[in-house]
Structures are given as structure tokens and as C-alpha cells.
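Here is the structure we will look at.
The values are calculated or read from the model by the stated rules, or taken from the named source; none is laboratory data. Bear in mind that the values here come from a model prediction, so they are computed numbers and not experimental data. We place every Cβ from the backbone using ideal geometry, glycine too, and count neighbours over all the protein chains shown.
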Amino acid sequence: MTDLKPKADPTTPAEWEEYVNTVLTSPEDAARAINSGEFTTKLTAYMDAYKASTNKTMADLKGQLTEQVTASVLELFKRNGTEPTGRLDLAPANERALRAGTARNGEAIGVHTEKIWKSATQMLQDVLAVGTPRQSAESRARMDQYTEFVNAYSQAVPSEGGFLVPEQVRSDIMTRALEAAVVRPQAIVVPMPGSKFRWPAVDFTTEVGEVFGGIAMSWLDEGQSIPATSGTFATVDLNAHKLGGYASVPNEILRHAPALDQWIRTAMPAAVTHFEDLGFMSGDGAKKPLGGLHAANPALIVASAESGQTADTITWQNILDMFSRLLPESYGSAEWDITPDALPQIMTMALPVGTGGSAVMIGEGSGPSKLPMTMLGIPIRWTRKTPAVLGDQGDISLNDWSKYIVGDTMAMQLATSEHSSFRTDKTDFRIIEEVDGQPGLLAALTPQNNGPTLSAFIQLATR
């Protein structure tokens with residue numbers, strides 16, 4: 001029988017092998033070690049040491065892999081002209097929100113206030129508590145943080161007064177507004193670094209003798225030189241205009257955080273959506289956007305009514321005349337924007353056949369209403385935001401809103417006052433955002449065959 005002498009616990013495979021070969025040399029030695037608990041102690045020590053060694057190796061490998069991946073990502077950003085600062089935002093993004101400029105923008109000025117307030121409700125309650133007995137120490141500390149932020153970023157913070165809404169809150173409000181919006185979800189949305197920005201555009205108004213803004217292509221004989229041409233470029237000037245909203249809210253809502261949060265998530269998006277669309281569709285450009293359906297839009301085409309057409313009617317020939325003026329590349333992205341009071345005219349349109357006629361096929365919609373949703377393969381949007389009622393120019397339009405440009409400063413401010421509605425136990429709210437909108441086409445396009453002009457914005461003349 002081998003004499004079992006105390007030895008240090010094995011911590012490596014070699015030490016464990018030595019223990020087994022020198023101590024457990026016979027069945028009796030093995031039984032003695034097991035019965036005394038020595039074997040269990042040695043095995044536990046070895047397994048613990050092995051796990052610690054393995055975990056350290058994996059941690060080292062993870063660290064090396066992280067460094068390599070980080071270096072590769074940073075190199076990718078540098079090659080594409082981007083220098084990321086801080087932690088990358090890896091949260092899943094809503095593609096529709098990204099296109100519409102409502103997704104959280106890590107470069108927006110409101111990102112800095114996310115570190116102060118975790119929600120719009122907390123922000124509003126802090127603002128309302130200023131100078132009152134209900135202001136807590138935590139609330140006072142957050143307001144002090146905001147004051148420090150404004151002092152540090154005074155040039156970037158809008159000067160209209162009020163408090164800069166955290167970027168995530170702005171994103172939530174604007175993304176919820178997309179559900180009912182007409183223009184923003186389809187338009188080109190340009191983040192504006194300031195109140196003024198020039199967006200480059202190609203001066204593409206005619207194909208007769210030139211193609212794509214003055215750049216012409218020619219078929220050449222061997223050795224023939226290319227005729228000299230020059231590209232003609234222009235800019236769309238974006239000037240941020242203030243869109244302000246005002247509301248008086250009962251104080252019992254403000255004292256109840258869930259109710260206040262629900263009001264912010266429903267009332268604000270609905271108001272922003274409605275008034276943005278009115279500006280983007282019908283604005284006259286004076287201290288507001290130039291709407292795609294306003295007469296001042298240089299690319300707007302007005303299709304004539306039929307000779308002797310009855311007042312307040314829409315005929316199949318009107319529809320065909322409008323469709324014939326739409327840019328072919330807009331067939332897949334255009335929509336009919338029609339006032340609801342024109343529904344009977346659309347539903348009862350007939351295609352003349354000799355002295356009789358047949359009903360026009362209107363594609364069926366979806367949902368419980370089953371309203372007609374397509375005409376000539378183009379979606380129909382029934383909207384009360386059209387600039388005119390049935391019979392007037394603007395009651396029905398054929399538009400490709402992807403040819404419209406929205407400039408967005410991506411900054412939203414909120415201010416409150418308990419004084420003006422003190423006697424009615426209400427608090428007044430003011431919300432301001434700064435945006436602009438301009439048609440992306442400089443004029444209607446004259447096609448190569450010198451035919452009728454084409455555009456992305458077509459209306460029917462007054463009947």
C-alpha cells in the first residue's frame with residue numbers, strides 16, 4: 001500500500017496525472033482516498049483551477065476579438081467619411097421612421113437632454129414643479145443639469161424659450177404621427193444643421209436636346225470627340241419655419257403620470273401630423289413651407305376640365321388626362337389625394353361607350369370600411385387635408401410625394417404656464433418645432449419627344 005502523504009492540490013492536467021499515477025496506485029489506495037474524502041478534495045480543487053484557467057483564456061480571446069471587431073468597424077466608418085463618437089446605437093430601427101426623419105437621431109441636439117429626463121412625463125412634471133413646494137431634490141437637480149446644458153450649448157439650442165424635448169421623446173411623438181401623415185412618410189427628409197440649408201438638385205426641366213440637367217450623351221464614330229456639355233445644377237433653399245401649438249390641459253391630468261403620458265402620446269402626434277400636412281400640401285411659402293399643391297409650385301400641372309363639363313363633377317376623362325401628365329417613373333410611388341366629398345363622383349364614374357357606358361373598375365380596399373383604394377393601379381387616399389372641396393381646383397390631385405423635400409431641424413421645444421388659465425385649474429402648453437418643405441422639382445419636365453409636360457404634382461382644374 002502506498003503511503004499517502006499530503007501534497008499540494010493539483011491545478012493542472014500534468015499535476016492531476018501525477019497524483020493519479022503516484023498516489024492511486026492500487027484499488028486499496030483508491031478506496032482509502034475516496035473514503036477519507038481526499039479524492040473529492042483533490043478533484044474539486046483541480047476542476048476549480050481548470051475552470052478558472054479556461055475562463056481566463058476565453059476572456060482573453062473575447063477581449064482580442066472585441067478589439068479586432070471594433071478596429072474594423074472604426075476603419076469602415078473612417079473610409080466612409082464618418083467619425084463615430086461614443087457608443088454605437090445598435091437598437092433596431094423602424095425603416096419607415098428612418099425614411100421620414102422621425103427615428104432617433106444620435107446627432108440631434110435633444111440627445112443631450114436624454115441624460116436628464118427619461119420620459120416626457122418626468123420632464124413636464126419637473127418643469128411644472130419649479131418654484132413650488134412640490135419640487136423635490138431630485139427634480140431640482142435635473143433642472144440644474146438642464147441649466148448647465150443650455151449654458152454649454154447656447155448656440156445650438158433654439159432661442160424661442162421653453163425646454164428642449166429629449167430626442168427619444170421627439171422621435172416617439174413624430175413616429176406616432178406617421179400613421180396619419182400624408183407627406184412626411186413619403187418625402188425626402190433632410191436633417192437641417194441650422195435654420196437655413198441648401199439641398200442640391202439637378203436642373204432637370206427638359207429632355208429636348210439635353211438629358212439630366214445639361215448632360216447629353218452622343219453616339220460616336222471612331223476617333224470622334226465627345227461634344228462639350230455642362231451639367232446644370234441648382235439648389236432647393238430650406239428655411240426652417242416655426243410650427244407652434246398651444247393647448248390648455250386640466251391639472252388633474254398633469255398630476256396623474258399615466259394620464260399625462262397618454263395625452264402626450266396621442267394629442268401631440270395628431271396635432272403635429274395635421275398641421276405639418278397642411279403646410280406641406282397647401283402652404284404658400286410665406287413663413288411656412290411651400291406646399292406641393294399650391295399654385296406657386298413651379299412643377300404643378302393643372303389638367304383642364306372637359307369642354308362643357310357639368311359643375312362639381314369628376315369624369316373618367318379627367319382621370320385619364322391627369323394620369324397622362326404623371327412622370328412615368330412615378331407610376332409606382334404616386335397616389336390620388338381626394339377630398340371625401342368627392343366619393344360619390346368616384347364611385348359612380350362611368351366609361352362612355354357609344355350612347356351608353358359601363359362602370360369604371362375601382363380596386364377594392366381593405367379593412368372594415370372596404371372603401372375603394374386604387375384607380376388605374378394608383379392608391380387612393382381619402383383625406384380632408386386637400387386644399388379644396390369638390391368642384392374646385394385641388395379637390396383631386398395625383399401626387400408623387402417622394403419628389404417633395406422636408407427640411408427638419410430635429411429639435412422640439414416645450415413650454416408651460418399655470419398662470420393664464422389659473423382660474424380654470426388648467427395649465428397651458430406650447431410646443432414648437434422648426435421645419436420647412438419645398439417641391440423637389442424645379443419645373444414640369446418637357447419630354448424628349450416635345451410632348452406635353454410631365455410632373456409629380458397634377459391637379460384638376462375647377463369645374
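Look at (1) of a type in the set (D, E, K, R); (2) at pLDDT below 95; (3) over 30 Å from the mean Cα position of the chain (by Cα) and you find that D312 fails only one, number (2).
Output yes when any residue across the range 40-59 is in a loop (DSSP other than H, G, I, E, B) and modelled with pLDDT of 75 or more, and no when none is. No, every residue in the range 40-59 fails to be in a loop (DSSP other than H, G, I, E, B) and modelled with pLDDT of 75 or more. Of all the residues in the range 425-441, those that are at pLDDT 90 or above and either in a loop (DSSP other than H, G, I, E, B) or within 14 Å of Y246 (Cβ to Cβ) (or both) number 2.
Cβ-Cβ distance below 7 Å, separation of 6 or more or different chains: which pairs start in the range 407-424 with a residue that is closer than 12 Å to A247 by Cα and end on one that is at pLDDT 80 or above and of a type in the set (A, V, I, L, M)? From residues that are closer than 12 Å to A247 by Cα, the pairs are L414/I431. For the range 89-109, the count of residues that are modelled with pLDDT of 75 or more and in contact with a His (Cβ under 8 Å, 6 or more places away or on another chain) is zero.
In the set G367, G391, which member is at pLDDT 95 or above and part of a loop (DSSP other than H, G, I, E, B)? Let's see the steps before the verdict.
Values: G367 fails: at pLDDT 95 or above.
Sole residue among the options that is at pLDDT 95 or above and part of a loop (DSSP other than H, G, I, E, B): G391.
Each residue in the range 302-341 was checked for being over 13 Å from T462 (Cα atoms) and touching a strand residue (DSSP E or B) at 6+ places or on another chain (Cβ under 6 Å), and 12 of them qualify. Listed conditions (1) closer than 13 Å to P10 by Cα; (2) without any contact (Cβ under 8 Å) to a residue 24 or more places away in the chain; (3) of a type in the set (D, E, K, R) are all met by E38, apart from (2). Cβ-Cβ distances below 7 Å connect the following pairs, each with a first residue in the range 125-149 that is outside any helix (DSSP H, G or I), a second residue that is among the small types (G, A, S), and a separation of six or more residues or different chains: Q135/A129. Filtering the range 422-448 to residues that are closer than 21 Å to M412 by Cα and among the acidic types (D, E) leaves D428, E433, E434, D436.
For the range 199-215, the criterion of a residue being surrounded by 11 or more Cβ atoms within 10 Å (Cβ to Cβ), under 30 Å from A411 (Cα atoms) and at pLDDT 80 or above is satisfied by at least one position.
Evaluating K242 against the criteria (1) part of a helix (DSSP H, G or I); (2) modelled with pLDDT of 85 or more; (3) surrounded by fewer than 16 Cβ atoms within 10 Å (Cβ to Cβ) leaves one unmet condition, (1). Remark: pairs (first residue in the range 179-196, more than 19 Å from G440 (Cα to Cα) and outside any loop (DSSP other than H, G, I, E, B); second residue modelled with pLDDT under 90 and not small (G, A, S); Cβ separation under 7 Å; 6+ apart in sequence or on different chains) = A180/T273. Take G279 and tell me if it is closer than 23 Å to A181 by Cβ, part of a loop (DSSP other than H, G, I, E, B), touching a Pro at 6+ places or on another chain (Cβ under 6 Å) and not hydrophobic (A, V, I, L, M, F, W, C). In short, no. When V169, V157, V182 are screened for being modelled with pLDDT of 75 or more and on the phi < 0 side of the Ramachandran plot, only V182 passes.
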